[in-house]
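In what follows, a single structure is set out as structure tokens and then discussed.
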Amino acid sequence: MRLPYITLHLHQISYMHFDKTGYSTEQLVELYTHMLRPRMIEEKMLVLLRQGKISKWFSGIGQEAIAVGATLAMDSDEYIMPLHRNLGVFTARKVPFDKLFMQWQGKKEGFSKGRERSFHFGTNDYHICGMISHLGPQMAIADGVALAHKLKREQKIALAFTGDGGTSEGDFHEACNVAAVWGLPVIFVIENNGYGLSTPVNEQYACRQLADRAVGYGMAGITIDGNNILEVHKAIKDAREYCIREQKPMLIECMTFRMRGHEEASGVKYVPKNLFEEWAKKDPVQRFEDYLLENGVLSQFLIKEIRDNIKAEIEAGIAVGFTAPDIVPDTDEELRDVYAPFHNRPILPVTDAKTEKKFIQAISDGLRQSMQQHPNLVLMGQDIAEYGGAFKVTEGFVDEFSKDRVRNTPICESAIVGAALGLSLKGYKAMMEMQFADFATVGFNQIINNLAKIYYRWGQHADVVVRMPTGGGVGAGPFHSQSNEAWFTHTPGLKVVYPSTPEDAKGLLIAAINDPNPVMYFEHKALYRSISGLVPDDYYTIEIGKARLVQEGEDISIITYGAGVHWATQYAEQHPDVSFHILDLRTLLPLDYDAIREAVGATGKVLILHEDCLFGGIGGEISAWITEHCFQQLDAPIVRCASLDTPVPFSVELEQNFLAKSKLDACMQKLLSY
Ligand SMILES: Cc1ncc(C[n+]2csc(CCOP(=O)(O)OP(=O)(O)O)c2C)c(N)n1
């Protein structure tokens with residue numbers, strides 16, 4: 001069946017016109033039973049809430065047909081990205097009740113070792129990728145999963161849910177646009193339940209129906225009765241076939257109503273009473289039950305039997321969930337689970353062959369060899385395909401690796417980081433090039449809240465590298481020059497690398513791509529073509545987390561990274577009377593504390609140098625650590641040399657004045673004279 005490209009409008013929906021054509025009696029009973037499960041669990045949860053046995057509950061009562069119908073219309077190995085009112089996804093995928101209750105009770109044997117609440121978890125066993133609080137980011141992950149299906153030529157789709165409120169987020173727009181532009185087999189289901197917390201839909205959007213937006217993205221869209229399980233089930237089944245056949249996305253708006261408060265404690269005073277009365281008549285479970293009774297599919301006897309069985313399942317689940325032991329915190333385990341395990345042993349070059357290369361050529365070399373090494377590595381970024389990227393790092397890659405793997409993206413950093421995570425769910429590796437590190441701001445949420453936290457939250461790794469051309473000194477002004485590494489070093493779950501030499505740039509990039517954890521890879525653009533060095537021709541890695549001793553010295557230790565390494569060595573050359581010990585950190589998260597300790601011990605006088613601003617820069621963290629752990633070895637207060645606490649200015653004079661380099665001599669004199 002071909003699906004219409006036009007949207008069906010609300011007034012055209014005849015609510016609760018069931019049509020069981022094509023469904024066997026068993027299928028109808030199964031659909032009913034599946035809808036009853038979340039309903040009965042929820043009714044129990046409301047009792048437990050009143051008894052003070054659980055703390056919070058987001059109810060999907062009245063919306064069960066959507067989650068259940070959609071889930072049952074898909075293959076069980078197809079990923080679903082559910083939200084907070086989609087208990088029916090979990091029950092329809094037959095997630096064991098006891099495990100669900102342990103999850104909600106924060107028990108270790110739940111899905112997140114007690115680290116996540118309510119529905120904020122995923123499980124690959126059941127092909128469910130749970131939400132983060134921010135709602136919209138789910139959609140782009142579905143794009144990534146759908147892209148994996150497309151690349152593998154699999155006849156599969158992904159499906160993501162959003163509420164009507166969530167459609168106002170930029171993430172909705174970005175995910176729809178990418179799906180349409182890339183022709184991804186993904187279904188976006190909007191549950192239009194009338195309210196986003198207390199905000200009614202007329203204060204949320206100004207179009208007639210949300211599915212009307214589909215045409216603007218160049219995709220198919222329909223509006224359906226979300227309280228009719230048969231209509232939802234059929235629509236999603238048809239949409240699934242359409243998405244696979246046409247290799248296109250589909251937007252499905254399900255009209256429904258939120259029958260309870262946003263969450264149980266928040267009340268419903270702002271909802272007109274008549275709306276509840278009107279929608280109660282359209283209750284998806286009751287109306288379907290009536291229909292099946294009228295048509296002789298169900299009997300009171302059968303209903304009782306089904307209910308009794310579910311009740312017993314729930315009671316058994318609760319018994320386990322409430323009696324499972326409370327968590328005894330294990331700090332080592334907590335820290336260990338921030339990162340996916342990875343044997344970070346260096347790979348050595350096979351031969352001694354080396355070639356003189358510019359910094360940027362070394363990055364390109366590392367990326368090319370990684371593409372050869374990992375057939376599952378996909379590159380994404382603005383203008384990176386035929387054009388070769390803003391800095392030409394990927395020049396010629398399309399010819400060698402095809403456009404499937406070297407993908408130009410629309411300008412939508414958030415969706416691309418999300419898609420990278422979706423690829424990771426399907427066993428791909430993804431590298432995203434931010435055109436400039438500054439633009440990470442528009443992908444920030446996905447990086448900080450999805451990439452960084454997902455392994456700790458439910459054990460799914462994020463095999464993603466984000467390359468970030470960074471830094472100033474090139475007269476590019478406030479939005480093309482920032483040193484923003486400290487935004488990321490503060491985020492557990494990310495790794496942050498920052499090479500300063502061509503050899504390190506190649507080896508660290510390969511290491512970052514091999515690492516299954518999300519790595520922010522900073523490349524200073526002022527170094528791209530200004531420095532060169534001998535780089536091994538072979539494939540090799542530089543170990544993430546290991547600093548490099550640039551030169552040994554006895555008077556002053558300079559701890560630095562990136563452009564700072566070159567400022568420091570230049571300064572040392574200009575001051576041969578002073579013996580400098582220079583340490584290149586190479587990785588900022590995790591820091592190499594052993595090397596820092598050794599650097600402190602070598603001279604007793606420490607200068608920390610970075611291009612980032614002073615306040616809140618990583619220099620403050622390193623300084624604090626040295627004071628706490630190496631105080632006895634210090635002969636002078638630690639000095640931090642950093643850039644001004646202003647945005648990066650444009651004019652050459654102002655930028656020179658801004659940069660830490662202009663303060664290096666004064667800082668050094670202070671330390672020397674102590
Ligand atoms: C980015 C973001 N802003 C605000 C919130 C707070 N918040 C949580 S749910 C919600 C309403 C969501 O409405 P909708 O998308 O319609 O879903 P519904 O709750 O109605 O199912 C809001 C405002 C949030 N979680 N994330």
Log entry: pair-distance distribution for the chain, C-alpha pairs binned every 20 Å from zero, whole % per bin is 18, 44, 28, 10, 1
Cα extents of the stretch 255-305 per principal axis, largest first, Å, are 40, 20, 17
In degrees rounded to 10, the 0-90 angle between helix 359-373 Cα long axis and the longest Cα principal axis of the chain is 40 degrees
With label points set 7 Å from each Cα along the Cα-to-Cβ direction at SER55 and VAL215, the distance between them in nm comes to 4.8 nm
The stretch 539-592 accessible area per residue, 1.4 Å probe, protein heavy atoms, integer Å², reads 35 Å²
So the pair-distance distribution of the stretch 379-488, from every Cα-Cα distance in 10 Å bins, comes to percents of 15, 43, 33, 9, 0
In the chain, taking the dipole from +1 charges on Lys and Arg beta carbons and -1 charges on Asp and Glu beta carbons about the Cα centre, the listed residue (MET380, LEU292, GLY507) farthest towards the positive end is LEU292
Ranking TYR339, TYR561 from most to least accessible area with a 1.4 Å probe gives TYR339, TYR561
Ordering TRP487, TRP57, TRP567 by the accessible surface of their heavy atoms, 1.4 Å probe, largest first, yields TRP487, TRP567, TRP57
The summed charge of the GLY533 Cβ neighbourhood (under 14 Å; Lys/Arg +1, Asp/Glu -1) stands at 0
Residues whose built amide H sits under 5 Å from the amide H of ARG640, excluding neighbours closer than 5 in sequence, are ILE608
Between ILE347 and TYR593, the two model label points (7 Å from Cα along the beta-carbon direction) sit apart by a distance in nm of 3.0 nm
Placing each pseudo-label 7 Å from Cα in the direction of the beta carbon, ALA316 and GLN551 end up separated by a distance in nanometres of 7.3 nm
Sorting VAL378, VAL578 on solvent-accessible surface, 1.4 Å probe, most exposed first, gives VAL578, VAL378
Scaled by the rule-of-thumb 2.2 N^0.38 Å, the alpha carbon Rg for the stretch 626-674 gives a ratio of 1.47
Residue-ordered couplings for the stretch 256-265, obtained by feeding phi - 60° into the Karplus form 6.51 cos²θ - 1.76 cosθ + 1.60 and rounding to whole Hz (Gly and Pro as x), are 7, 8, 7, 7, 10, x, 3, 9, 4, 7
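Per DSSP helix of 4 or more residues, -39500 (n - 2.57); summed, then divided by the residues of the chain. What does that give at 222 nm, rounded to the nearest 500?
Helix-only estimate at 222 nm: -11500 deg cm²/dmol.
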On the formula 1/(1 + (r/R0)^6), with r taken between the Cβ atoms of ALA666 and GLU356 and R0 of 41 Å, the FRET efficiency rounded to 0.05 is 0.70
Once Lys and Arg are counted +1 and Asp and Glu -1 for all other residues with Cβ under 13 Å from that of GLY69, the total becomes -3
Counting only protein heavy atoms and rolling a 1.4 Å probe, one gets per residue an accessible area for the stretch 56-166 in Å² of 25 Å²
Violations at 21 Å Cα threshold for listed pairs LYS403/LYS429; LYS107/LYS495; LYS403/LYS426; LYS354/LYS661; LYS99/LYS304 -> LYS107/LYS495; LYS354/LYS661; LYS99/LYS304
Taking protein heavy atoms only, a 1.4 Å probe, and rounding to whole percent, the accessible area of the chain owed to carbon and sulfur comes out at 53 percent
Log entry: pair-distance distribution for the stretch 418-566, C-alpha pairs binned every 5 Å from zero, whole % per bin is 2, 9, 18, 21, 20, 15, 10, 4, 2, 0, 0
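What FRET efficiency, computed as 1/(1 + (r/R0)^6) with R0 = 30 Å and r the Cβ-Cβ distance, is obtained for LYS403 and VAL474, rounded to the nearest 0.05?
With a Förster radius of 30 Å, E is 0.50.
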In nanometres, the difference between 0.36 nm per residue of separation and the alpha-carbon distance of GLU26 and SER651 is 217.5 nm
With 0.36 nm assigned to each residue of separation and the Cα-Cα distance removed, GLN300 to ARG245 gains 15.6 nm
Using alpha carbon centers only, the stretch 613-633 is separated from the stretch 87-127 by a whole-angstrom value of 41 Å
To the nearest 0.05, the calculated FRET efficiency linking VAL47 and ASP308 through their beta-carbon distance, R0 being 30 Å, is 0.95
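The values are calculated or read from the model by the stated rules, or taken from the named source; none is laboratory data. Source: prediction; values computed, not measured. Backbone-built Cβ (ideal geometry, glycine too); neighbour counts: all protein chains shown. We work out accessible area using only protein heavy atoms, side chains counted, and drop any ligands, DNA or RNA first. Shrake-Rupley method; radii C 1.70, N 1.55, O 1.52, S 1.80 Å.
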